[in-house]
Amino acid sequence: MLKRKSFFSIFFLFAILPFFGETTFSNIDINLNDEVLFTVKQNNAGSVSYKSLFVAKIKNGEASGEPDLITCFPEQMELLNGGNTLQIRNRFGTARYDSRAKKLEWISRIEGIPEKNAMLSPYAASPDGKYYCHIEKTGICTGALLLTDSSTGKTEVLNEDILNSYTSVPVKWAKNSSVLIYEKNNAVYFCNPEAVLRGVEIDEKYRKIGRGNINSVCWASEKYLAYVDDYLLYRINTRELYTLGLYSGIIGQGKAMARLPFQFDSQVDKFFVNSDVTAIVVNQNQKLFSYLKVQSESCDYMDVIYSRPYTDSTASLYDAYVLWNTFDEPILWQEKLPYDGTSEKGAVYKLDSTAKQVLEIQDSGKPSVSPNGNKVAFFAGSMLYVYDVNTLKRIAQLGGEKITAALWLDDQNLIVGGERSIRKWNCLTEEIQTITLSSATAGYWNPSDYSIIAEIAGQNYYRYNKNLRTWEKVKLEGTITPQTQNGRYRIFIGTSQNNQFANALYIRSLSGKAVTKSVYNQTNQKNDAKKKVCLVFDMYDNSDGLPEILSILKKYNIKGTFFLNGEFIRRYPFETKQIALSGHNCASMFFTTADLTENSFVINEDFVRRGLARNEDEFYSVSKNELMLFWHAPFYKTSPEIISYGNNAGYTYVNSNHEYSEFDEKLLSPEDLITKYFNELEKSEGGIVPVVGGFSQGIHAKPLYNYLDILITVLIDGNFEFVQLNEL
């Protein structure tokens, strides 16, 4: 059931918030054959909450074997085997739907109910579906990059030590699936997936494209690969890749097409090219967008057609993509976070010498282009839209339920995953086929034949095909009254010993010896109480990282605590208001970013009181909200006297108390910093995790906010729950 002031250092007692993974059993129906239907609802990190429908067989007073899961929610989906197989992955396991046999089967299932519900790692399937890549976790926040044959399951390691990602896999497939590009040790490599899996691929050192990471390359077409190294744009013919790899020291890195008028930084920049690598759009650190063209064959500087910073006064920029129409014209697609705290929106522009906005979408998702490149699909709330890429006119739309994923099967058909069902949809004929149910409001035994009927969001009913494991919509005559007992057994919901479960499902024997047993033994197993952790975001003197932070916190349904100083509030009033409107707590980092322990400062009680009061007033004037009465000095540099001055002003001081930070002179990699934070929290009763936001002096190239999803998932896996400072 989801149903101030002791504060010492950072390790303290927190009030409990609803936490990830809490499981609720409900909707029982038992038939005369001792079969039971029931639903299981979980609150999953990074995914919507949904009810899964199970069926269990009772024998000798207990569940006979593992209850069978008969709905299949699309937390992740991939098309395999030329589109003939739809792979559906969720917290319970992996299922595959064979479109030829029209049959769904679970190929792997966990035992029991999952108690740790971090996000699933994404897969990157090849366009023909023969192969896929993913990162298999091997450490706290690292893993191995694997290439797998989807038919045989044979796997080879491409990179044995890579940072985990819950947003994308750092690979790029050729459109004909013949070549795979991947990153390793600050360089970019290519391979033939078939040769790798057969063990006949040439040595990796002869398959190196150049330095950089996956952002350094971009597929232009089946024929060409584009590669950027510092200022130079290269075009590589895919037929010459092996020659390039063998003789790169002699013949270079491909054909040098032109020079960029700025240095490309693959850590933060992205680029997109047209089909013959004669035009390019560069996104520099989500701040500057430049559309450039090759002007001659002499590798001169590129012509600047358009170059403008992002300047929308209504929203911050979260992400951006570029599509190319059949005329090789760029279409800029931006995902934005409105400053007023409302849902994300998409904005689409045609780029030339100016950026002409042609479309705005509320609550939009990432665009997906059809195999022939002529159509683009995206979902917004409960609608899926298909547009013509050339005209940007709407072709079709599909509604009915909230959409979570959409895959192009071919140039007309899409696989659409939603909160209620997974459907195949022809966007031209508008024909719809239900593949399976994602979730169910409740399940019932049909009194006439004991077939299973699922209720979906009210008056929608589906009958289960036990042999194919699929569902067909039906009209239900009359009503079905669910039963909780059948003369031999009574099924009821009781309390659970496991704090991951809101309740538990029990079987009471009504004949013979009276005995009561739980359907899942894990619900009666006591487990350790979750340790509490608070994510603290220290925003210094710019707003770098804020869109990413807010978007990820929303995805995981976490409320953070933002420490704001006067420099940030004065420079970024819209962003300050955005943080408050997003429901996050805000505390004080004083009115300046100066180091208060420097000898050049004379710090007395009046100075601290005035500094805290000024920050309160400036925050209120911008947000019309009050700061929490917690504070810390910039960089957490303080003294006992400074802390006592703040206490006298009514504030409680918050120390970091971590041995390491993002401000260390010897900068740690994100994975090392996450590991050290985690190990320190494990040894304690919990605490805060500080994440540095905007910092204009550029302390490092890999700020921790870019790896926030990894940090959150590590903490979830470590049995931590997230709380706010004001929940003490």
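Please enumerate the residues belonging to the stretch 507-535 that are in a strand (DSSP E or B), under 30 Å from His658 (Cβ atoms) and open to solvent by 20 Å² or more (accessible area, probe 1.4 Å). Walk me through it before giving the result.
Residues of the stretch 507-535 that are in a strand (DSSP E or B), as a first pass: 507-509, 516-518, 531-535.
So of that shortlist, the ones also under 30 Å from His658 (Cβ atoms) come out as 531-535.
Once the filter is applied, which keeps residues that are in a strand (DSSP E or B), under 30 Å from His658 (Cβ atoms) and open to solvent by 20 Å² or more (accessible area, probe 1.4 Å), the stretch 507-535 yields Lys531, Lys532.
Only one residue in Val348, Val282, Val322, Val277 is open to solvent by less than 20 Å² (accessible area, probe 1.4 Å), in a loop (DSSP other than H, G, I, E, B) and not acidic (Asp, Glu). Which one?
Selected residue: Val277, the only one of Val348, Val282, Val322, Val277 that is open to solvent by less than 20 Å² (accessible area, probe 1.4 Å), in a loop (DSSP other than H, G, I, E, B) and not acidic (Asp, Glu).
Failed condition for Gln42, given (1) surrounded by fewer than 19 Cβ atoms within 10 Å (Cβ to Cβ); (2) at pLDDT 85 or above, with all others met?
The one condition Gln42 does not meet is (1).
Scan the stretch 674-696 residue by residue and report those that are open to solvent by less than 10 Å² (accessible area, probe 1.4 Å), in a helix (DSSP H, G or I) and under 17 Å from Asp709 (Cβ atoms).
Across the stretch 674-696, the qualifying residues are Ile674, Tyr677.
If you take the residues in the stretch 366-411 that are charged (D, E, K, R) and in contact with a strand residue (DSSP E or B) (Cβ under 9 Å, 6 or more places away or on another chain), which one is farthest from Gln76 (Cα to Cα)?
Lys393
Give the residues of the stretch 99-142 that are more than 29 Å from Asn719 (Cα to Cα), touching a Lys or Arg at 6+ places or on another chain (Cβ under 9 Å) and among the small types (Gly, Ala, Ser), sorted by residue number.
Result: Ser99, single match.
If we scan the stretch 394-415, do we find a residue that is in a strand (DSSP E or B), open to solvent by less than 10 Å² (accessible area, probe 1.4 Å) and within 18 Å of Val474 (Cβ to Cβ)?
So far as the stretch 394-415 goes, no, none of its residues is in a strand (DSSP E or B), open to solvent by less than 10 Å² (accessible area, probe 1.4 Å) and within 18 Å of Val474 (Cβ to Cβ).
Which residues, counting only those in the stretch 394-405, are farther than 14 Å from Ile361 by Cβ and at pLDDT 95 or above?
Answer for the stretch 394-405, where residues must be farther than 14 Å from Ile361 by Cβ and at pLDDT 95 or above: Ile395, Ala396, Leu398.
Could you look through the stretch 592-641, keep only residues that are among the small types (Gly, Ala, Ser) and in a helix (DSSP H, G or I), and pick out the one that is surrounded by the fewest Cβ atoms within 10 Å (Cβ to Cβ)? Steps first, please.
Going through the stretch 592-641, the residues among the small types (Gly, Ala, Ser) turn out to be 594, 600, 611, 613, 621, 623, 633, 639.
Next cut, in a helix (DSSP H, G or I) only: 611, 613, 621, 623.
On the way: Gly611: 24, Ala613: 14, Ser621: 11, Ser623: 19.
Restricting to residues being among the small types (Gly, Ala, Ser) and in a helix (DSSP H, G or I), the top hit is Ser621.
Only residues that are within 20 Å of Leu384 (Cβ to Cβ) and not in a loop (DSSP other than H, G, I, E, B): list them for the stretch 425-470, please.
Pass one, the stretch 425-470, residues within 20 Å of Leu384 (Cβ to Cβ): 425-439, 456-457, 460.
Residues satisfying the conditions are Trp425, Asn426, Ile432, Gln433, Thr434, Ile435, Thr436, Leu437, Ile456, Asn460.
From the list Ala580, Ala587, exactly one residue is in contact with a strand residue (DSSP E or B) (Cβ under 9 Å, 6 or more places away or on another chain), of a type in the set (A, V, I, L, M) and closer than 24 Å to Leu317 by Cβ. Which is it?
Within the list Ala580, Ala587, the selection yields Ala580.
What do you reckon, is Val654 open to solvent by less than 10 Å² (accessible area, probe 1.4 Å) and more than 18 Å from Met539 (Cβ to Cβ)? Steps first, please.
Numbers: open to solvent by less than 10 Å² (accessible area, probe 1.4 Å): yes; more than 18 Å from Met539 (Cβ to Cβ): no.
In short, no.
Out of the residues in the stretch 657-671 that are at pLDDT below 80 and of a type in the set (A, V, I, L, M, F, W, C), state the one that is surrounded by the fewest Cβ atoms within 10 Å (Cβ to Cβ).
Leu667
Mind checking which pairs have a first residue in the stretch 70-93 that is at positive phi and a second that is open to solvent by less than 10 Å² (accessible area, probe 1.4 Å) and of a type outside the set (Asp, Glu), Cβ under 7 Å, 6 or more apart or different chains?
As it stands, the answer is Asn81/Gly129; Asn81/Ser150; Gly82/Gly129; Gly83/Gly129, since those pairs meet every condition given.
Would you mind telling me which numbered condition in (1) modelled with pLDDT of 95 or more; (2) in a loop (DSSP other than H, G, I, E, B); (3) over 15 Å from Ser439 (Cβ atoms); (4) in contact with a strand residue (DSSP E or B) (Cβ under 9 Å, 6 or more places away or on another chain) Phe73 fails?
(3)
The values are calculated or read from the model by the stated rules, or taken from the named source; none is laboratory data. Computed from a prediction, not measured in an experiment: that's the story for all the values here. Note that each Cβ is placed from the backbone with ideal geometry, even for glycine, and that neighbours are counted across all protein chains shown. These accessible areas exclude ligands, DNA and RNA; they are computed on the full protein's heavy atoms, side chains included. Shrake-Rupley method; radii C 1.70, N 1.55, O 1.52, S 1.80 Å.
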